[in-house]
Amino acid sequence: MENTKKKKKKKLFFISDDTLTGYAFLGPNISGFLLFTLIPIVVSFGLAFVEWDLLTPVKFTGFANFIKLIHDKNFWYYLYNTFYFMLGIPLGMFASLALAILINQKLKGIVVFRTVFFLPVISSMVACAIVWRWIYNPDYGLLNAFLSWIGVRNPPPWIASTSWAKPALIIMGIWQSAGYNMLLYLAALQGIPGELYESAGMDGATKWQQFWYITWPSLTFVNFFIVIIGIINGFQAFGIQYVMTSGGPADSTTTIVYYIFNHAFMWFNMGYASAVAWALFIFMFGFTLLQWKLGKQEG
Amino acid sequence: MESLERELSRKRSKRIEFVKNTISYILLLAIGATMILPFIWMVSTSLKEAGAVFAYPPEWIPNPFVFRNYSDAWESVRFGRLFVNSIFVAVCTTAGQVITSSLAAYAFARLDFPGKNKLFLCYLATMMIPGQITMIPVFILLKELNWINTYKALIVPMMFTAYGTFMLRQFFMTIPKDLEDAAVMDGCSKFGIYWRVILPLSKPALATLATFTFLGNWNNFMWPLIVTNSEEMRTLPVGLASFQGLYNTDWTLLMAASVIVIIPVIIIYIFNQRFFTKGVVMSGLKG
């Protein structure tokens, strides 16, 4: 015991010892961090103020990119699309919570259902997007075959129409991610002490009251977490849109990230693409901050 | 009299229980069927004759079974190469992330050196910055290095994460210091402590990070799409997407290819299910 105390004193004395070791441990990560995160962030900020197609020399244009962005109708339309897709967040949360409540029962074979609900989460997004494109096929797709079978006269053309494409992708997105949030809700539900329900039941509280006064308040943190992650992911929507609709029809499913992708890697407008990326960041940051403040007020 | 009443109320609550369970099962079955239907439809279509996919009403059981779709898809997508690419890239990225993040996390959690807290704050701050901001300069950098369309472009930029470092640091902080003191007394170096004490005690956290990195990388779409431009260098998701571009409405082949891509992950998942479940909860709530 005494020995360790001495050692600790010694440690304090030779504090510079750790400096070298510390940086040696950090070395690999920090070099990658500098090269692929920190420096690129600075460079990207610089790029937002230039015009550059990777071939001709860089041209400094001041705020021109941002002024162009403010007047860019496409940018605002794609931003609207991006927000539209985020309607999937509350819908998905509702679905996930319902699934979690169903799964959180002591029933035989419940594990099988949990496995099934989680399958879409781990499956390749591209493969899932392709099968949903097939399901949504307006003429031969499974969904419309089902709809006309139950008597729907003019089933919607889904991803072939500008007005139905967005809802179609939202449904597919909920199907793919519901299982993930279900597990988060499940963990939170299982963390609520059972005695709370017992005593509430003895006091004559109805199931609905129990849910409203015990379950729902206990889910505040998970809800907050899911919303934040949902918004961050929502702003970055790209893959499903790229595979299922290529952003169409008539740009109706093009998102902000899709726009950045096109400008940077299809049309090689590195400057403008960077400016749009920073605009995206500002929106993302603003919404997270807002959410944080609202969350604090509630909790 | 009293026992009879008790008996009756017990029977009643049993009946309520039974009704409740039946409703639950009906709901579970209905939702479960909806969730799994796209997969069944995928397999069903993948085994049909090309013309049979347009039948109305849709047929669930293919007649005849056409297994050739799989060999046709395998050959036209060159899946062998794609699988090798995907596995190689995901394994290297995962190993790199676990090594570099755990080393850095150890320094952040246990060592004292000037500038540590500021640096850590810097890491945390960059976690807020979306990948879309860094991807353009990183692409330019890789282009200058002539790394575009190589394994290096797919692996190296993905090997370092602030998130992994953060998660492991949080876990390392929970390991009691007394365990290290014993090793220090035995004359263990800092690296020895990291290697012999911290890492073995952190297996669950390391495994979680590894699983999610692997899975994330396996399904990663945007980065391989950006930095590869030839068929030989593509990973599975990008290869599958470009196959879709070529065989836009060749549904039987497309579905066969999709099944080929999905099957390995499903098998891994079913055998390590508990572990995945834990991982989600850990990364979600504690990370």
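The values are calculated or read from the model by the stated rules, or taken from the named source; none is laboratory data. These numbers were taken from a predicted model, which means no experiment stands behind them. Every residue, glycine among them, receives a Cβ derived from its backbone with ideal geometry; neighbour counts consider all protein chains shown.
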- Query: Considering the stretch B:164-179 alone, what residues qualify as being within 11 Å of chain A (Cβ to nearest Cβ) and surrounded by fewer than 18 Cβ atoms within 10 Å (Cβ to Cβ)?
  - Reply: B:Lys177, B:Asp178
- Screening B:Leu215, B:Leu179 for residues that are over 28 Å from B:Asn117 (Cβ atoms) and not charged (D, E, K, R) leaves only B:Leu215
- Query: Which of the residues spanning the stretch B:194-215 are free of Cβ contacts under 8 Å to residues at least 60 places away in the same chain and within 14 Å of chain A (Cβ to nearest Cβ)?
  - Reply: B:Trp195, B:Leu215
- Query: What are the residue pairs meeting all of these: first residue in the stretch B:25-42, first residue more than 7 Å from every other protein chain (Cβ to nearest Cβ), second residue modelled with pLDDT of 90 or more, Cβ atoms under 6 Å, and 6 or more apart or on different chains?
  - Reply: none
- Query: Looking only at the stretch A:139-180, which residues are within 14 Å of chain B (Cβ to nearest Cβ) and among the small types (Gly, Ala, Ser)?
  - Reply: A:Gly141, A:Ala145, A:Ser148, A:Gly151, A:Ala160, A:Ala168, A:Gly173, A:Ser177, A:Ala178, A:Gly179
- Sort through B:Phe83, B:Phe139 and tell me the only one that's over 20 Å from the mean Cα position of the chain (by Cα), in a helix (DSSP H, G or I) and on the phi < 0 side of the Ramachandran plot. B:Phe139
- Say whether the condition of being surrounded by 10 or more Cβ atoms within 10 Å (Cβ to Cβ) and under 33 Å from the mean Cα position of the chain (by Cα) is met by at least one residue in the stretch B:11-25. yes
- Query: Where in the stretch B:187-229 are the helices (runs of 4 or more DSSP H), entirely inside, with at least 2 residues that are modelled with pLDDT of 90 or more and of a type outside the set (Asp, Glu)?
  - Reply: B:222-227
- Can B:Glu144 be described as more than 7 Å from chain A (Cβ to nearest Cβ), free of Cβ contacts under 8 Å to residues at least 24 places away in the same chain and among the charged types (D, E, K, R)? yes
- Could you tell me which residue of the stretch B:216-266 is surrounded by the most Cβ atoms within 10 Å (Cβ to Cβ), considering only residues that are in contact (Cβ under 8 Å) with a residue 12 or more places away in the chain and of a type in the set (Ser, Thr, Tyr)? B:Ser258
- Condition test on B:Phe108, is it surrounded by fewer than 18 Cβ atoms within 10 Å (Cβ to Cβ) and either part of a helix (DSSP H, G or I) or not charged (D, E, K, R) (or both)? no
- From the list A:Tyr197, A:Tyr272, which residue is among the aromatic types (Phe, Trp, Tyr), over 19 Å from the mean Cα position of the chain (by Cα), more than 11 Å from chain B (Cβ to nearest Cβ) and part of a helix (DSSP H, G or I)? A:Tyr197
- What number of residues within the stretch B:237-256 satisfy the criterion of being within 8 Å of another protein chain (Cβ to nearest Cβ) and of a type in the set (Gly, Ala, Ser)? 1
- Query: Which of the residues belonging to the stretch A:243-267 are within 11 Å of another protein chain (Cβ to nearest Cβ), touching a Leu at 6+ places or on another chain (Cβ under 8 Å) and at pLDDT below 95?
  - Reply: A:Met244
- Note on the structure: A:Asn74 vs (1) of a type outside the set (A, V, I, L, M); (2) under 30 Å from B:Ile155 (Cβ atoms); (3) touching a residue at least 60 places away in the same chain (Cβ under 8 Å): all pass except (2)
- Only one of these is closer than 30 Å to B:Pro224 by Cβ and under 26 Å from the mean Cα position of the chain (by Cα): A:Leu189, A:Leu184, A:Leu97, A:Leu102. Name it. A:Leu184
- Message: Can you confirm whether A:Ala145 is surrounded by 15 or more Cβ atoms within 10 Å (Cβ to Cβ), touching a Ser or Thr at 6+ places or on another chain (Cβ under 9 Å) and in a helix (DSSP H, G or I)?
- Response: no
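Suppose we filter B:Leu119, B:Leu111 for residues that are of a type outside the set (S, T, N, Q) and closer than 22 Å to B:Pro157 by Cβ; which single one remains?
Of the residues listed, the single one that is of a type outside the set (S, T, N, Q) and closer than 22 Å to B:Pro157 by Cβ is B:Leu119.
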- Note on the structure: Flagged in the stretch A:164-219 as among the β-branched types (Val, Ile, Thr) and under 30 Å from A:Ala237 (Cα atoms), in numbering order, are A:Ile170, A:Ile171, A:Ile174
- Answer yes if at least one residue in the stretch B:117-124 is more than 7 Å from every other protein chain (Cβ to nearest Cβ), buried (at least 21 other Cβ atoms within 10 Å of the Cβ) and more than 28 Å from A:Gly230 (Cα to Cα), and no otherwise. no
- Note on the structure: Counting only helices (runs of 4 or more DSSP H) entirely within the stretch A:1-104, those with at least 2 residues that are among the aromatic types (Phe, Trp, Tyr) and modelled with pLDDT of 95 or more are A:73-85
- Query: In the stretch B:160-173, what residues are outside any helix (DSSP H, G or I) and farther than 23 Å from A:Ile229 by Cβ?
  - Reply: none
- Item | Residue count, the stretch A:125-147 (criterion: more than 16 Å from B:Thr34 (Cα to Cα) and at pLDDT below 90) | 3
- Message: Quick check on B:Val184: is it touching a Lys or Arg at 6+ places or on another chain (Cβ under 9 Å), at pLDDT below 90 and within 19 Å of A:Gly22 (Cβ to Cβ)?
- Response: yes
